[in-house]
Amino acid sequence: MLFDILTLFPSMFEGVFSDSIIRRAVDKGLATIELHNIRDYSDDLRHKTVDDYPYGGDAGMLLKPEPLAKALNDAKVRHKAHSPCVIYLSPQGELLNQDVVNSLLECQSLILLCGRYKGVDQRIIDRYVDREVSIGDFVLSGGELPAMVLIDALVRLIPGVLGNRDSAETDSLYNGLLSHPEYTRPEVFEGMQVPPVLLSGHHANIRLWQKEQAERITKEKRPDLWARYTSSKVSDK
Ligand code: SAM
């Protein structure tokens, strides 16, 4: 999967992409991540200006359309062979959840536009953006952290990236439920015992216990997910 990130702060990504699973995906050739500084597309060769005052007198600055259009056209040419999807990380976008992640996984190539300041000129969204994605109902200072969140959520699902050790299939939300509780050694920690069924070696009983726990936890912690899960089970029948 190809990711092109358009940002004013490429160095923010260095630490996050240089370790662990994203690094592994890149090293295995399963993900390619390219960072592009929006300032490199400024017409202002001297100051590299990319922002200006918004019309209407609002406080703050807005990313100008021309450098963004150039950066996006450039990215589209680079990704031409893979019909890229352009995503603007925005608090106004569809809320990121596992369904959105799964739907984006079908794209071979994503161009991620990270806003800053008051955001981007609306004409860029109207002309160039395919989807707007929000990571939650709160406002961050820029789209860089949301882009990292989205890439992490996607990369771990690319076949071949996760080994058995950190498989996604038993994670929360994979099958619409939260995950069952997990335990490791020692068997007794501060007086608390690992549930005996997990030590029984009886695989069918263990699976049953895990399913019951996942259902209980989802019902308790996320009644909204539980309602969705049960209604999808009814409509499956
Ligand atoms: N004025 C914009 C608004 O009210 O919709 C918010 C601008 S915000 C301060 C600056 C940038 O941060 C946005 O352009 C966007 O790229 C990013 N951003 C902020 N919150 C976000 C969120 N919840 N999800 C995704 N991106 C976000």
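The values are calculated or read from the model by the stated rules, or taken from the named source; none is laboratory data. Model, not experiment: these values are computed from the prediction. Neighbour counts run over all protein chains shown; Cβ positions are idealised from the backbone, glycine included. The accessibility values were calculated without ligands, DNA or RNA, using every heavy atom of the protein model including side chains. Shrake-Rupley method; radii C 1.70, N 1.55, O 1.52, S 1.80 Å.
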Note on Ser18: of the conditions (1) surrounded by 15 or more Cβ atoms within 10 Å (Cβ to Cβ); (2) hydroxyl-bearing (Ser, Thr, Tyr); (3) over 22 Å from Arg78 (Cα atoms), unmet is (1)
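Can you tell which of Leu62, Leu89 is within 13 Å of the ligand (Cβ to nearest atom), of a type outside the set (Lys, Arg), in contact with a Pro (Cβ under 6 Å, 6 or more places away or on another chain) and open to solvent by less than 20 Å² (accessible area, probe 1.4 Å)? Please lay out each step first, then the result.
On the way: Leu62 fails: open to solvent by less than 20 Å² (accessible area, probe 1.4 Å).
None of the other options fit; the residue is Leu89.
Being more than 6 Å from the ligand (Cβ to nearest atom) and surrounded by fewer than 19 Cβ atoms within 10 Å (Cβ to Cβ) is the filter here; which residues of segment 130-145 pass it? Before you say what the answer is, go through the steps one by one.
Taking segment 130-145 and keeping what is more than 6 Å from the ligand (Cβ to nearest atom), we get 130-133, 137, 144-145.
Asp130, Arg131, Glu132, Asp137, Leu145 - these are the residues of segment 130-145 that are more than 6 Å from the ligand (Cβ to nearest atom) and surrounded by fewer than 19 Cβ atoms within 10 Å (Cβ to Cβ).
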Regarding segment 81-92, can at least one residue be identified that is over 29 Å from Ala168 (Cβ atoms) and of a type in the set (Phe, Trp, Tyr)?
no
Filtering segment 97-125 for residues that are within 15 Å of the ligand (Cβ to nearest atom) and either at pLDDT below 95 or part of a helix (DSSP H, G or I) (or both) leaves a count of 7
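In segment 126-134, is there at least one residue being at pLDDT 95 or above, among the β-branched types (Val, Ile, Thr) and part of a helix (DSSP H, G or I)?
Step one: list which residues in segment 126-134 are at pLDDT 95 or above, which gives 126-134.
Pick out the ones that are also among the β-branched types (Val, Ile, Thr) and you get 129, 133.
Of the ones still in play, those that are also part of a helix (DSSP H, G or I) are none.
Checked against the condition, which is being at pLDDT 95 or above, among the β-branched types (Val, Ile, Thr) and part of a helix (DSSP H, G or I), segment 126-134 yields no hits at all.
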In the set Ser179, Ser172, Ser231, the lone residue that is closer than 21 Å to Gln98 by Cβ and open to solvent by less than 40 Å² (accessible area, probe 1.4 Å) is Ser179
Item to check | Flag if His79 is over 22 Å from Gly142 (Cβ atoms), surrounded by 13 or more Cβ atoms within 10 Å (Cβ to Cβ) and assigned by TED's automatic domain parsing to the domain that holds Leu113 | outcome: yes
With criteria (1) open to solvent by 50 Å² or more (accessible area, probe 1.4 Å); (2) within 14 Å of the ligand (Cβ to nearest atom), Ala153 comes up short on (1)
Only one of Ala81, Ala75 is more than 20 Å from the chain's Cα centre (by Cα) and not β-branched (Val, Ile, Thr), namely Ala81
